[in-house]
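Structure, as structure tokens:
The values are calculated or read from the model by the stated rules, or taken from the named source; none is laboratory data. All values derive from a computational prediction rather than experimental measurement. Every residue, glycine as well, gets a Cβ built from its backbone with ideal geometry; the counts of neighbours run over all protein chains shown. Heavy atoms of the whole protein, side chains included, go into the accessibility calculation; ligands, DNA and RNA do not. Shrake-Rupley method; radii C 1.70, N 1.55, O 1.52, S 1.80 Å.
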Amino acid sequence: QVQLVESGGGLVQPGGSLRLSCAASLSIFSAYYTAWYRQAPGKQRELVASITRAGTINYQDSVKGRFTISRDSAWNTVLLQMNSLKPEDTAVYYCNLHYTTGEYWGQGTQVTVSS
């Protein structure tokens, strides 16, 4: 069983920045697919950004140019740097890793963008 622990969420004003972290109990570089999802109240969970083991990155159109997904080998964490945040970015954010043993989710971290 792989444990994922997220952190970094909070309340931020529009235009502000946050960095989300997802610490894994197994090497993140063993995952063949890593992603961040989000779910706003009353909406379905949606893919925000993803990175494959080979390093191929994809973003949802609404976050391109503002969010950056990366992997930190020193801390074995997956990061999501979020800049120029908008109220519509408000959601619970989840990290998601796919290993050969299965798919794993973090517990979620709340991001609220509001003045």
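Data table
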read-out	value
Residue in the range 22-33 that is open to solvent by less than 60 Å² (accessible area, probe 1.4 Å), farther than 20 Å from Gln1 by Cβ and in contact (Cβ under 8 Å) with a residue 12 or more places away in the chain present	no
Residue match in the range 18-28 (condition: modelled with pLDDT of 95 or more and β-branched (Val, Ile, Thr))	no
Test: residue in the range 91-111 that is aromatic (Phe, Trp, Tyr) and loosely packed, with under 13 Cβ neighbours inside 10 Å	no
Residues that are under 15 Å from Glu88 (Cβ atoms) and open to solvent by 70 Å² or more (accessible area, probe 1.4 Å), drawn from the range 12-21	Gln13
Subset of the range 43-85 [open to solvent by 80 Å² or more (accessible area, probe 1.4 Å) and either under 15 Å from the mean Cα position of the chain (by Cα) or modelled with pLDDT of 95 or more (or both)]	Lys43, Gln44, Arg45, Asn58, Asp61, Lys64, Gly65
Unique match (being within 18 Å of Gly16 (Cβ to Cβ) and charged (D, E, K, R)) among Lys86, Lys43, Lys64	Lys86
